[in-house]
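Here the structure is laid out as structure tokens; the discussion comes afterwards.
The values are calculated or read from the model by the stated rules, or taken from the named source; none is laboratory data. All values derive from a computational prediction rather than experimental measurement. A quick note on method: Cβ atoms are made from the backbone with ideal geometry, for glycine too, and the neighbour counts reach across all protein chains shown. Keep in mind that these areas ignore ligands, DNA and RNA; they rest on the heavy atoms of the full protein, side chains included. Shrake-Rupley method; radii C 1.70, N 1.55, O 1.52, S 1.80 Å.
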Amino acid sequence: IVGVLGYGGGVIGRYCDLPEEYPGVAHFHTVRINPPSGFFYTSKAMKELCDIWDKYGSGLTNLHGSTGDMVWLGTQTDKLEPIFAEITAKGWDLGGSGSCLRTPSCCAGMSRCEFANIDTMSVCHSMTQKFQDELHRPAFPYKFKIKVSGCANDCTAAVARADMSIIGTWKDNIRIDQAEVKNYSSKMNIQEEIVGMCPTKCMSFDGSALKINDKDCNRCMHCINQMPKALRPGKEKGATIMLGGKAPIVTGALMSWVLVPFMKLEEPYDNLEALIRKLWEW
């Protein structure tokens, strides 16, 4: 076990079984760096990080692993404290590892995507700051991942890979522009490609107008993805909170199940924080 003084995570110890034969990799520890929400870096910040890693490590990096962290591969035990000192001086922090809260991650959300129903980057940053102690000083006996996606397209694969999946959605009806529906009908087979592929069969098309029974709609995003000019998410936006997604090797993958069908998410996200703390109490 190896790490940074006072932290319970962020460093994964790697040792060679043949240190005498391969002294250059006798220690080859992995360091995880907590990235900015949405993985937006300035070129200056990236250069500073790479300079630190070239100074103290192998120079091998992984942006970004399944953890969501910037992963640095290969350094020695005596280099860990200097690495930590220099990254924190630049405003960075270690990511999560081991039996603790893992680094929350999110899609680019409203910064780049027209489909985002929530500000994923704001939610992710806020949860990281609110639970920073749990990230590095384990307060419970097993790892816990939080991933945030702006819509059901789920670009972070949160439903399959996160203990808590926060998926942007809407509560009211899908907005329909029938004029644009008619334009699409000249380019595609709406009955076959849209109505026929609706998982809940809540749509119908009479050749000129599209009708949706929104009570049966599960907000899967298929129709909106295919006809973005004609269909838009509703205006009453929030998130579905799901639990239990993970991909263990032995027992097989588990998909998240719905805990809260719809929750409004607005800064400072006190309702989400309260829910997470209640879950940990359970």
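Look at the alpha carbon pairs under 8 Å that are at least 6 residues apart: their mean separation over the length of the chain gives a relative contact order of 15 percent.
Between Ala253 and Glu21, full extension at 0.36 nm per residue minus the direct alpha carbon distance yields a gain of 79.6 nm.
Length gained on full extension, Cys50 to Asp133, computed as 0.36 nm times the residue gap minus the Cα-Cα distance: 27.3 nm.
Dipole magnitude for segment 11-94: computed about the Cα centre from +1 point charges on Lys and Arg Cβ and -1 point charges on Asp and Glu Cβ, it is near 360 debye. Convex hull volume of the Cα atoms of segment 175-232, normalised per residue: 67 Å³.
Summing Cβ point charges (Lys, Arg +1; Asp, Glu -1) relative to the Cα centre of the chain gives a dipole of roughly 680 debye. With all protein chains in place and a 1.4 Å probe, the accessible surface of the chain carries 54 percent carbon and sulfur. Taking amide hydrogens as placed 1.01 Å from N in the peptide plane, the amide H of Cys106 sits under 5 Å from those of Gly38, Val148, each at least 5 positions away in sequence or on another chain. Here the extension length gained between Glu267 and Val2 equals 91.7 nm, from 0.36 nm per residue of separation less the Cα-Cα distance. Considering all alpha-carbon pairs of segment 83-233, what whole percent are spaced by more than 23 angstrom? Within segment 83-233, distances greater than 23 Å cover 50 percent of Cα pairs.
Put a dot 7 Å past the Cα of Asp78, heading toward its Cβ, do the same for Lys90, and the two dots end up 2.3 nm apart.
Spin-label model, Lys215 to Leu275: label points 7 Å out along the Cα-to-beta-carbon direction sit 2.5 nm apart. Restricting the trypsin sites (Lys or Arg not before Pro) of segment 79-121 to loop positions (DSSP other than H, G, I, E, B) with no more than 15 neighbouring Cβ atoms within 10 Å leaves Lys90, Arg112. Across segment 7-127, C-alpha contacts under 8 Å between residues 6 or more apart give a mean separation that, scaled by the residue count, equals a relative contact order of 29 percent. Looking at the chain, the accessible area is 51 square angstrom per residue; that uses a 1.4 Å probe and ignores ligands, DNA and RNA. The lysines within cross-link reach of Lys44, meaning a Cα-to-Cα straight distance under 28 Å and a gap of 8 or more places when in the same chain, are Lys55, Lys79, Lys90, Lys130, Lys147.
Taking the charge dipole of segment 47-204 about its Cα centre, with +1 at Lys and Arg Cβ atoms and -1 at Asp and Glu Cβ atoms, the residue from Ala85, Gly150, Leu101 reaching farthest to the positive side is Gly150.
Under the convention that each Lys and Arg Cβ holds +1 and each Asp and Glu Cβ holds -1, the size of the dipole of segment 175-232 around its Cα centre is about 160 debye. Every helix of 4 or more DSSP H residues in the chain counts as -39500 (n - 2.57), and over all residues that averages to -7000 deg cm²/dmol at 222 nm.
The GNM of the chain, with springs linking C-alpha atoms under 10 angstrom apart, assigns the highest mean-square fluctuation among Ala116, Ala179, Ala157 to Ala179.
Measuring from centroid to centroid over Cα atoms, what is the spacing of segment 41-63 and segment 197-255 in Å? When both Cα centres are located, 40 Å separates them. Glu180 label point, 7 Å along Cα→Cβ, cut-off 11 Å on backbone N: hits in segment 219-233? Once the point is set 7 Å along Cα→Cβ of Glu180, 224-233 turn out to lie under 11 Å by backbone N, inside segment 219-233.
Note: relative contact order over segment 188-237, using C-alpha pairs below 8 Å and six or more positions apart, is 26 percent.
Annotation: peptides 202-213, 28-39, ranked by per-residue average of other Cβ atoms within 10 Å with the highest first, follow the order 28-39, 202-213. The convex hull built on the alpha-carbon positions of segment 1-91 has an orientation-averaged projected area of 6.2 nm².
Here's the picture: charge each Lys and Arg Cβ at +1 and each Asp and Glu Cβ at -1 in segment 175-232, and of Met197, Met227, Ser186 the one pushed furthest to the positive end of that dipole is Met227. Using only the Cα atoms of segment 208-282, build the gyration tensor, take square roots of its eigenvalues as a ≥ b ≥ c, and label the shape rounded, prolate or oblate: rounded if a/c is under 1.5, else prolate if a/b is larger than b/c, else oblate. Oblate shape, in that a/c is at least 1.5 and b/c is the bigger or equal ratio. Among the GluC sites (Glu not before Pro) in segment 159-243, those placed in a DSSP loop whose Cβ has at most 15 other Cβ atoms within 10 Å are Glu236. Along segment 226-240 the Karplus relation, 6.51 cos²θ - 1.76 cosθ + 1.60 evaluated at θ = phi - 60°, assigns HN-Hα couplings of 7, 10, x, 7, 9, 10, 9, x, x, 8, 8, 9, x, 9, 9 Hz to successive residues, with x for each Gly and Pro. Across Val159, Val195, Val11, mean-square fluctuation computed from a Gaussian network of the chain (C-alpha pairs under 10 Å connected) peaks at Val195.
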